[in-house]
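Structure, as structure tokens:
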Amino acid sequence: MRSRVPLVAQQVNPLSTLLDAELHIAGSAILWREIIGNGFGLAAAVGGMRRRVWAWPVGIAGNALLFTVFVGGVFNTPQQLNMAGQAGRQLMFIAVSVFGWWQWYRHARLDTGLEHRGVVPRWATRRERVLLVAAMLLGTVAFAQLFAWIGSYGPWAEAWIFTGSVLATYGMARGLAEFWLIWIAVDVVGVPLLLKAGYYPSATLYLIYAGFVAWGFAVWVRTMRTESTTTDTQQAVTVSGHTATG
């Protein structure tokens, strides 16, 4: 009589499955977590354009996934590249997004409408613009030295992207319309870098972002003009009312 060998059910770890899952296109392996993480990023950008508070936690989820992608030597990505600037950028996003989430949530609580707006967009002051430009230049130089020292891939490009991402995210949290323009500057450098490194989903998303960012900028400018006109009209009505009663 044959002895029966008991079948042991193989346990599936959802986290390991997500980390290891790949999509193969034209002989190239692409991690699903890179695709999903960038999908979260695009959804967060849509929420940011519409000034929705939920944009921040959705973005944080995408940042956490993309962090594992860009630390390739640790999390075993097909590229096997450690891009310190890109990985650090995701950690920075998470930290600044907590600040932005709180800022927008606090502002949205004051809105009694059905669609809460997290921020009132505005142009940066002249002083703020000077500080943004100075921070962009100095930050790029400083982080390029750091990334080169730790052996990151493309230190100068990564430094530009990292610094611009910090400033753009901070500008978004403060409601500065110029943050869209900073993103365009980031995309111009980010697309060639990611294509060269083999991160094709991220490079594709950067290209999509470029068009989306231009659209978002136009939406915010139109919103500022509309709200400015509404405010001027309300002030004119108030002054007229005081004059009539006086």
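Report, to the nearest whole %, how much of the accessible area of the range 124-222 belongs to carbon and sulfur atoms, 1.4 Å probe, protein only.
Its accessible area is 75 percent carbon and sulfur atoms.
How big is the equivalent ellipsoid of the range 92-189 along its three axes, where each semi-axis is √(5λ) from the Cα gyration tensor, reported in whole Å from largest to smallest? Largest first, the range 92-189 gives 29, 15, 10 Å.
Going highest first, how would you order 98-106, 128-136, 41-49, 171-179 by mean Cβ packing within 10 Å?
171-179, 41-49, 98-106, 128-136
Size of the range 114-165 from its Cα atoms: along the principal axes, largest to smallest, the extents are 49, 29, 12 Å.
The values are calculated or read from the model by the stated rules, or taken from the named source; none is laboratory data. Just so we're clear, the structure is a prediction, and the values are computed from it rather than from any experiment. Note: ideal-geometry Cβ built from the backbone for every residue, glycine included; neighbour counts use all protein chains shown. Heavy atoms of the whole protein, side chains included, go into the accessibility calculation; ligands, DNA and RNA do not. Shrake-Rupley method; radii C 1.70, N 1.55, O 1.52, S 1.80 Å.
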